[in-house]
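Note sheet for the following structure.
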Amino acid sequence: MMSSPPDHARLREQLAAAGQEHIYTFYNSLATAERDRLDAQVASIDWSLVQELVETIVKRPRSCVRPGTLEPAPYFPHHPADRETEEKYRLAHRRGEELLRQGKVAAFVVAGGQGTRLGCPGPKGTLPVTPVRSKPLFQCFAEFIRAWESRCGRAIAFYIMTSPANHAATVAFWTQQRYFGLGDDQVMFFPQAMLPAVDFAGKVLLESPASLALCPNGHGGSLLALHKSGSLADMARRGIEQISYFQVDNPLVRCLDPVFIGLHDLAAADMSSKMLPKACGKEKVGTFCLADGKLTVIEYSDLPEALAEQRCPDGTLRFSAGSIALHVLRRDFVERLGAGGFALPYHRAEKKVSCLDLPSGRLLHPAQPNAVKLETFIFDALPLARRSIIYEADRQDEFAPIKQLEGVDSLRSSQEITVARNAAWLEAAGVKVPRQPDGVPDCVIEIAPSFALYPEDVRRRKHQIPPLSPGGSIYLA
Ligand code: UTP
């Protein structure tokens, strides 16, 4: 059955009630198809939600509600400190591998972000990143998953969240690359929802005379999107119980980590997280805290400086656990969140959004943030979990994010971290790595997941590694 076109007069009334009638500034000059497109866009938005968010987080930015007590959240250290913990990790590893072998774990990447800081054309996952072969981020994940598939002897389902803005390009890329060797029935794509970006006065921005400036609704939108797209139901059909959640920007990410999955499962946790010790008190990452006893991520701007800088007797930061947006979620926990309408709080994210100047219609490309994006964050689901564990990641081995063009968290820094990690793995296996006088590796090394997922794999395959020459490059697969 064809749906009838939206009633333009009613839409105008709705916009007037929401204080957004400027959206139709250019309506009379639009061709019929453009008018219909704009009407359809307007009809797809929940304007009472937009109005509420404009009032509560754009015009009157919500002041942070200070909890009564704020304590550091406990976590499992990466290296077990005693025999008991060592034994626990051994059991966790075994449990994690068992779940993978039973097909009860899916990998899930959130790739719906706009990557404005990096500004790369096309979906961020298509960015070539590896130091020798220039493999794109998506290929890094596919190869990692394939390496685990060959270890556990079965296919692993991989869900990819896109946004309406990059969905078609993402699917076309994977299709063209033949799913990087994964089966087309095991890679599932679905888009998240969008919300309009608004200026600091709460007015919705126009991207063109016939289109709103729409932005994805934050990585927290992944939970609703998992539900709405039918992915949760698909997971249930496939017998998937645990969802291994990660971001698109880190080529070294352990998309599947049996110890982490096992610790989470053995604790019967709903949602668990990986952390990294913060480099300094002011580092711009969220901090895992117990706020009135509830596990919460406090954004860096909301953690009082006195607490951010507080030290333990041994000199380490007391609030040290930085969030790196790696989680394992039970499928039935996400299903349960649906009963509450996936009601995560919205945050204001101040960003640069290209938009039309009104009433001139000139297209502006702002040099400074000019807009508020309305986003929910995945970590806001943590206080809703009945149980949670936090596990420390290994900064050198698994963390090389790419967020911006230059400096920290750039493609260059990510490649340097990758080569440094690979050099350390080779040296730990007894392979000689040429180094420059300042200690930086004097060769470019890329290790494919098919060759090694852990340093131990390099040790076992040491005999396959040819000698490295200064200034050279090597690719191990
Ligand atoms: P970021 O916070 O780095 O945001 O996303 P971004 O939109 O990609 O980049 P900037 O801030 O505009 O430069 C962290 C992860 O969350 C995903 C991103 O794709 C990335 O994997 N994400 C973010 C979504 O999937 N949807 C969103 O709405 C926002």
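Derivation of every value follows stated rules applied to the coordinates shown; laboratory data play no part. Just so it is clear, the model here is predicted, and its values are computed rather than measured. Counting neighbours? That spans all protein chains shown, and the Cβs are built from the backbone with ideal geometry, glycine included.
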The chain: DSSP helices with Cα axial extent of at least 18 Å and average Kyte-Doolittle hydropathy no lower than 0.0: 137-152
Three-way shape label, region 398-457, alpha-carbon gyration tensor, a/c 1.5: oblate
Whole-angstrom gap from region 322-377 to region 397-460, using each part's C-alpha centre: 33 Å
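What number, in percent, do you get for the relative contact order of region 355-477 if the mean sequence gap of Cα pairs under 8 Å and at least 6 apart is divided by its residue count? Before the final figure, lay out each step's value.
Working: 118 pairs, mean separation 20.2, N = 123.
Dividing the mean separation by the residue count of region 355-477 yields 16 percent.
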Alpha carbon convex hull of region 1-93, volume per residue in cubic angstrom: 263 Å³
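Taking Cα pairs under 8 Å and at least six residues apart, what relative contact order does the chain come out at, in percent?
Values: 896 pairs, mean separation 91.5, N = 477.
So the answer I get is 19 percent.
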Residue order, fewest to most surrounding Cβ atoms within 10 angstrom, among 162, 126, 56: 56, 126, 162
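Please state the shape class of the chain: rounded when a/c is under 1.5, otherwise prolate if a/b exceeds b/c and oblate if not, all from the C-alpha gyration tensor. Mind showing how you got there, number by number?
Details: a/c = 1.69, a/b = 1.52, b/c = 1.11.
Prolate.
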Residue exposure sequence - 270, 7 - by fewest surrounding Cβ within 10 Å: 7, 270
Average Cα contact separation per residue, region 305-418, under 8 Å, 6 or more apart, as relative contact order %: 15 percent
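For region 200-260, which chymotrypsin sites (Phe, Trp or Tyr not before Pro) are both in a DSSP coil and crowded by at most 16 other Cβ atoms within 10 Å?
Working: sites: 200, 245, 246, 260; in loops: 200.
Filter output for region 200-260: 200.
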Residues in region 393-411 that a label on residue 352 would reach, taking backbone N under 13 Å of a point 7 Å out along Cα→Cβ: 404-406
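Taking the Cβ of each residue in 49, 15 as the centre, tally the other Cβ atoms inside 10 Å and list the residues starting with the fewest.
Values: 49 13, 15 18.
Placing the least packed residue first, the sequence is 49, 15.
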Rg [Å, one decimal], Dmax [Å, integer] - region 357-477, C-alpha atoms: 21.5, 69
Segment residue 318-residue 49, extension gain: residue separation times 0.36 nm, minus the distance between their alpha carbons: 93.0 nm
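For region 296-447, just say rounded, prolate or oblate: build the C-alpha gyration tensor, square-root its eigenvalues into a ≥ b ≥ c, call rounded for a/c under 1.5, and beyond that prolate if a/b exceeds b/c, oblate if not. Before the final figure, lay out the partial values.
Working: a/c = 1.94, a/b = 1.30, b/c = 1.50.
In terms of gyration-tensor shape, oblate.
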